[in-house]
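A short worksheet on the structure shown next.
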Amino acid sequence: MKKLILFLLEAESPGTARNILKLKNMLSDLNTQDICDIFNELRVDKIIKIFRILPKAVAADVFAHIDSEHQQILVQALSDDEIGELMSRLFVDDAVDFIEEMPANVVKRVLMNVSQEKRTEINRILQYPEDSAGSIMTTEYVDLSEDINVRKAFYIIRSTGVTKETIYNCYVIREDRLLVGVVSAKALMLANSNDRIGDIMDASPVFAHTTDDREAVADKFRKYGLLAMPVVDTEQRLVGIITVDDIIEVIVEESTEDMEKMGALTPSDDPYLKTGIIRLAKNRIVWLMILMLSATISAGIIATYEESLAILPILVAFIPMLMDSAGNAGCQSSTLIIRGMAVGEIRLRDFFRVLWREIRVGTLCGLALSLVNLVRIYLMYGQNIMLALTVTLSLFCTILMAKTLGGLLPILAKRVKLDPALMAAPLITTMCDAACLMIYFSMAKMILGL
């Protein structure tokens, strides 16, 4: 890659035409993603130069995979004819993704140079809800009739396949576009040329509706190991397909969003290094403010037992350990449950199973930590058995409480239509801190008589 960049920098020296030809040959040997990586390391004028010498089909593929900032730079540098040529070679789903990221003035210019047929397809997909299956599908697929034979099917694939996003699966439809089956490339290649498509197709294809949530679609891809999935309307008519590369993007976006929520951040689609300082601060301030104000609950509990702390100040020394243990225990459980819900292992109906498991796990963890803590406090604080017993019992109850809360709150959040990721580390820690202090001071009052 570095060799290619250095060569490009010399392209303006004498012998430019020869250098450009050599550069074009070098680029033709590279993977599309490698060319995209090169774009990230070059100045704007060099990016435009590289893009213009790429073969048309390769240029369209590269354009679909570079970031929106570089896409906008290229569109602004291209002529209307070049934009029309580029858009004609882009798959519909890639064109939609591009248009959704562009400002209005760029979109207007692009659509002016797109064929009426493609503009209609783009506008149709743009009408679907943002998180729906319809919004990420493409309309470029191979469809076959169930009554033709394999020889005829191969003829259709060879005639039309070059403009389709995938030919690994072909979709069998009737005259009213009703989806009746799917036939794979493997099934076609292994069949006899005179075999009827309706006899070799899978008559029970896995499909999605245009209004299905894209996370649910991603779960189907994972469950059935699909490369592509047909998308149908309310009348079971085939309107498009979703390919695995688009689903991978969905999984990455949803995982990123969950991680941001679990870290008490407002989700953002912008890359970290390309996001302004003010925007980054805004994404964090709200949750930091909420968590800071919620900490006043813990402060209020401590203030309530101020007299008890004055009588036995040593109690203060154990507060950080108890609160940290509660937060850590709760975070462990919530992380596992949120992950389990994300991949479909845990569902709302598993509420009581999760409750019973976390009670048992909390009991075992609480016993282990409590026994070690009992010995530590007894030896370090003058063999004060009542103090050791107070802290130990508090720790056991705290761990049990935190494990239970951490396991159940994400499920309860899902029940009330909230994102389970909200019940992650920061929020769980805050709740467990308050509950921990209540348990601790209650134990101290009961055992030590404060």
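In table form, for the structure just shown:
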{"read-out": "Label selected from (i) 30.3, 94; (ii) 20.5, 62; (iii) 23.1, 79, the criterion being Rg and Dmax of the Cα atoms in Å as computed here", "value": "(i)"}
{"read-out": "Estimated dipole of the chain in Debye, rounded to 20 [Cβ of Lys and Arg +1, of Asp and Glu -1, Cα centre]", "value": "1020 debye"}
{"read-out": "Efficiency of FRET from Cβ geometry, I311 and L367, R₀ 22 Å, rounded to 0.05", "value": "0.15"}
{"read-out": "Selected from T210, F396, G327, residue furthest toward positive end of dipole (the chain; charges at beta carbon)", "value": "F396"}
{"read-out": "Residue order for L393, L315 - accessible surface, 1.4 angstrom probe, largest first", "value": "L393, L315"}
{"read-out": "R0 of 25 Å, Cβ-Cβ distance V244-R177: FRET efficiency to nearest 0.05", "value": "0.60"}
{"read-out": "Candidate aspartates and glutamates for bridging to K445, where Cα separation is under 19 Å - those fewer than 8 sequence places away on the same chain excluded", "value": "E306, E307, D433"}
{"read-out": "Gain upon complete extension [L355, Y168; 0.36 nm per residue less C-alpha separation]", "value": "62.8 nm"}
{"read-out": "Residue range of the chain that is longest and free of trypsin sites (Lys or Arg not before Pro) which are both DSSP loop and sparsely packed (at most 14 other C-beta within 10 Å)", "value": "175-346"}
{"read-out": "The range 359-421: relative contact order as a whole-number percent, Cα under 8 Å and 6+ apart", "value": "38 percent"}
{"read-out": "Interchain or long-range residues, amide H under 5 Å from G240's placed H", "value": "V231"}
{"read-out": "Folded to 0 to 90 degrees: helix 116-126 orientation relative to the chain principal axis, Cα", "value": "10 degrees"}
{"read-out": "Extent along principal axes [Cα atoms of the range 333-392; Å; largest to smallest]", "value": "51, 18, 12"}
{"read-out": "D81 paired with D37, simple spin-label distance in nm, labels 7 Å along Cα-to-beta-carbon", "value": "3.6 nm"}
{"read-out": "Å² per residue, accessible surface of the chain at 1.4 Å", "value": "54 Å²"}
{"read-out": "Unit charges on C-beta of K, R, D, E only; dipole of the range 301-450, Debye", "value": "660 debye"}
{"read-out": "Extension gain from A203 to K56, taking 0.36 nm per residue of separation minus the Cα-Cα distance", "value": "49.1 nm"}
{"read-out": "Projected label distance in nm at N192 and E215, using a 7 Å step from Cα toward the beta-carbon", "value": "5.0 nm"}
{"read-out": "Förster radius 45 Å - calculated FRET efficiency between R376 and S28, Cβ distance, rounded to 0.05", "value": "0.10"}
{"read-out": "Amide H contacts of D143 (H built 1.01 Å from N, under 5 Å, at least 5 apart or other chain)", "value": "Y171"}
{"read-out": "Cα gyration tensor shape of the range 139-226, rounded if a/c is under 1.5, else prolate or oblate by comparing a/b with b/c", "value": "prolate"}
{"read-out": "Relative contact order computed over the chain (Cα-Cα under 8 Å; 6+ residues apart), in percent", "value": "11 percent"}
{"read-out": "Within the accessible area of the range 300-360 (1.4 Å probe), percent carbon and sulfur", "value": "60 percent"}
{"read-out": "Distance violations [Cα-Cα > 26 Å] among K56/K118; K186/K223; K164/K186; K118/K223", "value": "K118/K223"}
{"read-out": "Pairwise centroid distance, computed over Cα atoms, of the range 159-199 with the range 350-380, Å", "value": "58 Å"}
{"read-out": "Alpha carbon centroid spacing (whole Å) that separates the range 61-113 from the range 121-140", "value": "17 Å"}
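The values are calculated or read from the model by the stated rules, or taken from the named source; none is laboratory data. Values in this document were obtained by computation on a predicted structure and should not be read as measured data. Neighbour counts are summed over all protein chains in view; Cβ atoms, including those assigned to glycine, are modelled from backbone coordinates with ideal geometry. For the accessible areas, the whole protein counts, side chains as well, though only heavy atoms, and no ligand, DNA or RNA atoms are used. Shrake-Rupley method; radii C 1.70, N 1.55, O 1.52, S 1.80 Å.
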